[in-house]
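Reading through the structure tokens given below for one structure.
Read-outs: derived from the displayed coordinates by stated rules, not from any lab. This one's a predicted model, so the numbers in the text were calculated from it and none came from an experiment. Positions of Cβ are backbone-derived with ideal geometry, glycine not excepted, and every protein chain shown enters the neighbour counts.
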């Protein structure tokens, strides 16, 4: 009886009416933020995914993955709203949603609520550490190309450029407030759009031939395709901040909502760039399509410079997610007079960690695949499937179809994780053996 009363009270609570956001975002701005999250530097790696899958499988696979990723975002937002009603809070972030879902779920799982929240938070941390590693190597690769071409007397390996980059990155990550990062983020977006335009220009500049391009790639390379597309498409880490800061959050879901429009646009854009990028460069594609641009045309040179600066400016924003979570756990254990020093040292240590991984593994394609297969499969596929099942345990639909659907999603996530990691590790071993020969 008490449970029914509580459920009734929860249903009568509308979290949207209690949200107090100082500067809420409009529908258009929210759509722009979600697009920005899903159309980051990952879009430049999509042609590589089509190289691994073949263009026919690439188109079909991208559409299917877009649908699955979009559905997982949809169910996670729904669960978050249910959790808001249950605990009578106006909004919850990603980790809080996971914690509350366990706390109000089946009794046997409730003791795991704190562990679920911590696991979600540290999954976010490791995901964005991986993204920072990718950024370090991508910037280093772009700079190396330019220096090798125009400063031939100074030929260095990409590892040295990763090492040199640690210094400016250590300085940039000392910016601690998001409002101070906003100008950098705006400039990064402008440069990324310009880079994308330059890539499209070179893709369609000359006649495209498709006769020598594979419709279906080797089956052994399909996990690499999955990992790359999941990495490029997943923006679930920013979904809750976007939804939580909307002026009319009820417009986020629905057939004409922010989520559907954003994911449809992303899917179409990825299909176009992936398809024609593969048609243009074929098996010569590298980890980022910008690395395939010619070195003797000024637009291409600008594209390489733009992407390097854009990623450099974006780095502190992704880094913020890492420090935000780690500060939450570390700060209570540090005396107040040492907290500022601890912040400085901690930020430098994390940048050095990311740079060290880039130096040890300067393989852009492989790092992208690891982050996509391991971290984004967990955040974007496995966790949403589990969380919805727990939240709707008493109402799983006719024939428990929600349970079976989520089992398939979680299995897909684990298959992507295991197969992607396996193929990537084999690729790394093969590349290292080639270097040693």
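Counting only alpha carbon atoms, the long axis of helix 339-360 and the longest principal axis of the chain meet at about 50°.
The eigenvalues of the Cα gyration tensor, multiplied by 5 and square-rooted, give the stretch 310-352 an equivalent ellipsoid with semi-axes of 22, 11, 7 Å from largest to smallest.
Expressed as cubic angstrom per residue, what is the convex hull volume of the alpha carbon set of the stretch 2-436?
Working: hull volume 72.0 nm³, N = 435.
For the stretch 2-436, the hull spanned by Cα atoms encloses 165 Å³ per residue.
Rg and Dmax, both from the Cα atoms of the stretch 243-333 and both in Å, are 19.4, 55.
The C-alpha atoms of the chain define a longest principal axis, and helix 222-233 lies at about 70 degrees to it. Distances between every pair of Cα atoms in the stretch 104-252, grouped in 5 Å steps from 0 to the bin holding the largest one, split as 2, 6, 7, 12, 15, 17, 14, 10, 8, 5, 2, 1, 0, 0 percent.
Computed over the stretch 16-128, the range of Cα coordinates on each principal axis works out to 48, 38, 23 Å, biggest value leading.
When the chain is treated as a Gaussian network with alpha carbon springs shorter than 10 Å, the biggest mean-square fluctuation among 358, 32, 397 belongs to 397.
The distance separating the Cα centre of the stretch 159-207 from that of the stretch 322-353 comes to 25 Å. Rg/Rh, computed from the Cα trace of the stretch 306-437 with Rh as the Kirkwood radius, has the value 1.10.
Label sites at residue 256 and residue 29, each approximated as a point 7 angstrom past Cα along Cα to Cβ, lie 2.2 nm apart.
Can you give the FRET efficiency to the nearest 0.05 for residue 179 and residue 247, using r as the Cβ-Cβ distance and R₀ = 25 Å? After rounding, the FRET efficiency stands at 0.85.
The long axis of helix 158-172 is offset from the longest Cα principal axis of the chain by roughly 50 degrees.
A protection proxy built from the mean count of other Cβ atoms within 10 Å ranks the segments 398-406, 89-97, 411-419, most packed first, as 89-97, 411-419, 398-406. Cα-based values for the stretch 267-308, radius of gyration first and Dmax second, are 11.1, 32 Å.
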